[in-house]
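The values are calculated or read from the model by the stated rules, or taken from the named source; none is laboratory data. Note that the structure is a prediction, hence the values are computed from the model and not measured. Virtual Cβ from ideal backbone geometry, glycine too; neighbours counted across all protein chains shown.
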Amino acid sequence: MDRAAVTFGSELRRWRRARGLTQLQLALDAGVSTRHLSWLESDKSVPSRAMVLRLAERLDVPLRERNALLAAAGYAPLYGEHRLADPALAVARDALQRLLDAHEPWPALAVDRRWNVVAHNRLLPALTAGVDPALLEPPANALRLALHPRGLAPAIENLGAWRAHVLARLQRQSRVAGDEVLAALHAELAALPGGEAPAGETPIAEDEVVIPFVLSTPHGRLAFLTAVTVFGAPHDVTVAELAVETLLPADAATADALRRMHAALG
């Protein structure tokens, strides 16, 4: 979208459509008339600050984009943004590391909105030991680490299925956020080899509930399911965009192997 053409109305309409809502559905949920919502989307009416925040809340708009909606409507941003290393985020940073450590012996990492790794526990380096060191230089990108041929890709037994899952997830995120960096990352990863399922890879069944992440490692075959944790009620953009990805063992053999790896760390 031409940034010069971005208005509150156009952004409101974009978020409503991204959430799959009609004007009537959003109007009912937000407690406004359909006519008023239509006027807001066509920029025939100027919303109050409270109305901007109410609609953003109903649409579950991320904090960064809520600030953008406020700015488009002519109001000052509400949510602050600090670097993770900033002293103002010391409490959140310490809580984040404690959370990661508490997940041991399961590997866990924290990523920002663009999938850059900002913290991890002691189990993650054991999984990335064979990765090209250049891919681990900060800011290391978790998705690039997973799909790059010099990353984990050669070790992923179900690369075709996992790659398709990662790319679809990234594409949805890029489209909803309108983030050009995420779009470029998607294009980069989509161009990497590995688009076809390797010979012998078991297809994902139609009734599969989750897609496992299966690695062939010096510690044996490790099968994981991923779980995502986010901060509750954040009031800072950086904190709101953090996500903790935990690799949970998908079988007893993986759990036993991880416990042995954890014990070896002392």
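Which residues, counting only those in the range 177-195, are assigned to a loop (DSSP other than H, G, I, E, B), of a type in the set (A, V, I, L, M, F, W, C) and in contact (Cβ under 8 Å) with a residue 24 or more places away in the chain?
192
If I ask for residues that are loosely packed, with under 14 Cβ neighbours inside 10 Å, at pLDDT below 95, under 24 Å from residue 172 (Cβ atoms) and of a type outside the set (Lys, Arg), which ones from the range 1-23 would you list?
Passing the criteria: 1, 2, 5, 20.
Out of 113, 58, 93, which single residue is crowded, with 18+ Cβ neighbours inside 10 Å, touching a helix residue (DSSP H, G or I) at 6+ places or on another chain (Cβ under 8 Å) and within 18 Å of residue 239 (Cβ to Cβ)?
Residue meeting the stated conditions: 113.
Report yes if some residue within the range 31-50 is modelled with pLDDT under 95 and not assigned by TED's automatic domain parsing to the domain that holds residue 236; otherwise report no.
No.
Of the residues 78, 84, which is under 30 Å from residue 258 (Cβ atoms) and either under 23 Å from the mean Cα position of the chain (by Cα) or not in a helix (DSSP H, G or I) (or both)?
Result: 84 is the single residue among 78, 84 that is under 30 Å from residue 258 (Cβ atoms) and either under 23 Å from the mean Cα position of the chain (by Cα) or not in a helix (DSSP H, G or I) (or both).
Residue 71 passes all but one of (1) in contact (Cβ under 8 Å) with a residue 40 or more places away in the chain; (2) among the small types (Gly, Ala, Ser); (3) closer than 22 Å to residue 114 by Cβ; which number fails?
Every condition holds for residue 71 apart from (1).
Taking the range 230-266 on its own, how many of its residues are over 20 Å from residue 67 (Cα atoms) and in a loop (DSSP other than H, G, I, E, B)?
Residues that pass the stated criteria total 4.
Can you name the condition, by its number, that residue 106 falls short on among (1) surrounded by fewer than 17 Cβ atoms within 10 Å (Cβ to Cβ); (2) at pLDDT 95 or above; (3) part of a loop (DSSP other than H, G, I, E, B)?
Among (1) surrounded by fewer than 17 Cβ atoms within 10 Å (Cβ to Cβ); (2) at pLDDT 95 or above; (3) part of a loop (DSSP other than H, G, I, E, B), the lone unmet condition for residue 106 is (1).
Can you say whether residue 26 is surrounded by 19 or more Cβ atoms within 10 Å (Cβ to Cβ), modelled with pLDDT of 95 or more and over 23 Å from the mean Cα position of the chain (by Cα), as far as the supplied structure shows?
Judged against the criteria, residue 26 is a match.
Evaluate the following for residue 131: is it in contact with a Leu (Cβ under 8 Å, 6 or more places away or on another chain), part of a strand (DSSP E or B) and among the hydrophobic types (A, V, I, L, M, F, W, C)?
The answer is no for residue 131.
With the structure loaded, tell me whether residue 41 is of a type outside the set (S, T, N, Q) and under 23 Å from residue 238 (Cβ atoms) or whether it fails that test.
The answer is no for residue 41.
So which of 82, 103 is outside the structural domain of residue 8 (by TED's automatic domain parsing), in contact (Cβ under 8 Å) with a residue 24 or more places away in the chain and more than 23 Å from residue 247 (Cβ to Cβ)?
Residue meeting the stated conditions: 82.
So which pairs qualify, if the first residue must be in the range 38-51 and in contact (Cβ under 8 Å) with a residue 24 or more places away in the chain and surrounded by fewer than 18 Cβ atoms within 10 Å (Cβ to Cβ), the second must be not in a loop (DSSP other than H, G, I, E, B) and not acidic (Asp, Glu), the Cβ gap must be under 6 Å, and the two must be at least 6 apart or on different chains?
42/9; 43/9
On the basis of being out of contact with any helix residue (DSSP H, G or I) (no Cβ under 8 Å at 6 or more places or on another chain), outside any loop (DSSP other than H, G, I, E, B) and at pLDDT below 95, does residue 161 make the cut?
So residue 161 passes the test.
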